[in-house]
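> Quick one: the structure is below, questions incoming.
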Amino acid sequence: MKTKRWEILNIEKWLWGAFFIFIGLFILAEALGLPLNHGHIFLQAGVVIGTLFTYLYLVSGEGLNRARITCGLIISLTLIIELVAHNTYLIYGPFNYTHRGGHFLLSTRWWLGVPWTFPLIWFVLLCCSFYTAQSLTRSFNHYLTIAAAALLMMITDLNLESVSWYMNGGYEMAYCRWFTQDVPAQKYVAVLIMSGLLLLICPLRTHSGKALRWRPILMLSLFNLLLLAVRFDYWFRKKVQISAITWQ
């Protein structure tokens, strides 16, 4: 068991380094405004690496069976939720995904699919939010941890939705397109409720202690910092354009 755990920790270190590299390349691609066929590839690679890291983190902390069940439940259920939301507009409101997030899963002539990266992003963010909430609450209360994790998911989604439609500085390069003037409030409420329900049915255990879960905290923080960086980039580009027009 010690040998296997040591092997998992070594793999985690390599994945952690690779995750930093690809996310860094994605930030560089967005900042330089690289074309669609280049910039989004780094994000997709980062999502895959982040998913593998999260799964191995679950295996080392929760055990193989709990990790498999949690991974399977979150990915399969969020895929169904996203399919329903994308085709009915009942859950999130009126919107469409673009191919910036990756190839569409289960797409047919009559049914809109979902970018393959989105269920994986749900898995990574939910698990990282859960362990981050444990570190923040320092409580044995499982329901308090879940409530805090769901709140973290909603805050992350607030950060995400405010920039996902102007990633790379333009509507044409967006990851999703809303048919409303602003993102509907029901989107954030839906994420809050669904996050809580998904964590309730997952067999994750609440561990109280002084040790911080620094890796999930760092990954969740990096994701939000990435979104803030894109927002700043968009604001800076817009200000430069306005200044150029004013000087003309």
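The values are calculated or read from the model by the stated rules, or taken from the named source; none is laboratory data. Predicted model, so just to flag it, every value in this text is computed and none were measured. Ligands, DNA and RNA are stripped out before the accessible areas are found, and what is left, the full protein with its side chains, is counted by its heavy atoms. Shrake-Rupley method; radii C 1.70, N 1.55, O 1.52, S 1.80 Å.
> Can you give the accessible area of residue 177 in Å² (nearest 10), computed on protein heavy atoms with a 1.4 Å probe?
Around 80 Å² of this residue is reachable by solvent.
> I need the phi-derived Karplus couplings for segment 90-97: 6.51 cos²θ - 1.76 cosθ + 1.60, θ = phi - 60°, integer Hz, Gly and Pro marked x.
For segment 90-97, the Karplus curve yields 7, 8, 9, x, x, 7, 9, 7 Hz.
> Something else about it: Spelling out what I want: for every residue of segment 47-62, take phi, set θ = phi - 60°, compute 6.51 cos²θ - 1.76 cosθ + 1.60 (Karplus), and round to whole Hz; glycine and proline get x.
For segment 47-62, the Karplus-derived couplings read 5, 4, 5, x, 5, 4, 4, 4, 4, 5, 5, 5, 4, 6, x, 10 Hz, x marking Gly and Pro.
> Round to the nearest 10 and report in Å² the accessible area of residue 75, as given by a 1.4 Å probe over the protein chains' heavy atoms.
Looks like 40 Å² after rounding.
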